[in-house]
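The values are calculated or read from the model by the stated rules, or taken from the named source; none is laboratory data. Keep in mind the model is a prediction, meaning the values are calculated, not measured. Counting neighbours? That spans all protein chains shown, and the Cβs are built from the backbone with ideal geometry, glycine included.
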Amino acid sequence: MSPMDNPTAVQTPSEGLRPSDPTVSPTQAEKDACRAFRATIVDFYSESSRPKLIARPTVYDLLYGVGPKEIMDETARNAESLKHITYSGNPDIRWYHLPANNVNVQDLMCTIKLY
């Protein structure tokens, strides 16, 4: 499936990450590699009443699937229901950690778009 087949995979830069060239579909080996590795996303808040949020999606879900916004929105909803803490608004900092041993670094730099 091409990223163009899934409108949520192609996001505006303000929404986070997107494929560097959405017209080029990843190979099956690239998809498998992205599904085999996990990324880390951390939202930091300056308010002491809101602790940081941490999610560990697959690299595939982060880059080609639902994307970072939906991943972190779901993480916030889960935390709110468990801890009775409200995570409204944007974090002060959103940090992405991607495993560096399974990606082309030059392509990665073009793919990551921080909002």
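Could you give every pair whose Cβ atoms fall below 8 Å, whose first residue belongs to the stretch 61-74 and is on the phi > 0 side of the Ramachandran plot, and whose second residue is of a type in the set (V, I, T), counting only separations of at least 6 or pairs across chains?
Note: pairs meeting the criteria are G67/T8.
In the stretch 29-87, which residue that is assigned to a helix (DSSP H, G or I), touching a helix residue (DSSP H, G or I) at 6+ places or on another chain (Cβ under 8 Å) and small (G, A, S) is surrounded by the fewest Cβ atoms within 10 Å (Cβ to Cβ)?
The selected residue is A36.
Which condition from (1) over 20 Å from T27 (Cβ atoms); (2) touching a helix residue (DSSP H, G or I) at 6+ places or on another chain (Cβ under 7 Å); (3) of a type outside the set (D, E, K, R); (4) at pLDDT 90 or above is the one that Y115 breaks?
(4)
Yes/no per residue for (1) among the aliphatic types (A, V, I, L, M); (2) in contact with a strand residue (DSSP E or B) (Cβ under 6 Å, 6 or more places away or on another chain):
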| residue | (1), (2) |
| --- | --- |
| C34 | no, no |
| A39 | yes, no |
| F44 | no, yes |
| L53 | yes, yes |
| R56 | no, yes |
| K69 | no, no |
| D73 | no, no |
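I'm told P13 meets every condition in (1) modelled with pLDDT of 70 or more; (2) under 13 Å from the mean Cα position of the chain (by Cα); (3) loosely packed, with under 14 Cβ neighbours inside 10 Å except one. Can you identify the failing condition by its number?
Unmet for P13, out of (1) modelled with pLDDT of 70 or more; (2) under 13 Å from the mean Cα position of the chain (by Cα); (3) loosely packed, with under 14 Cβ neighbours inside 10 Å: (1).
Kindly indicate whether any position in the stretch 47-68 is within 23 Å of V24 (Cβ to Cβ), acidic (D, E) and at pLDDT 90 or above.
yes
Residues of the stretch 71-89 being within 11 Å of D43 (Cα to Cα) and hydroxyl-bearing (S, T, Y), which ones?
T75, Y87
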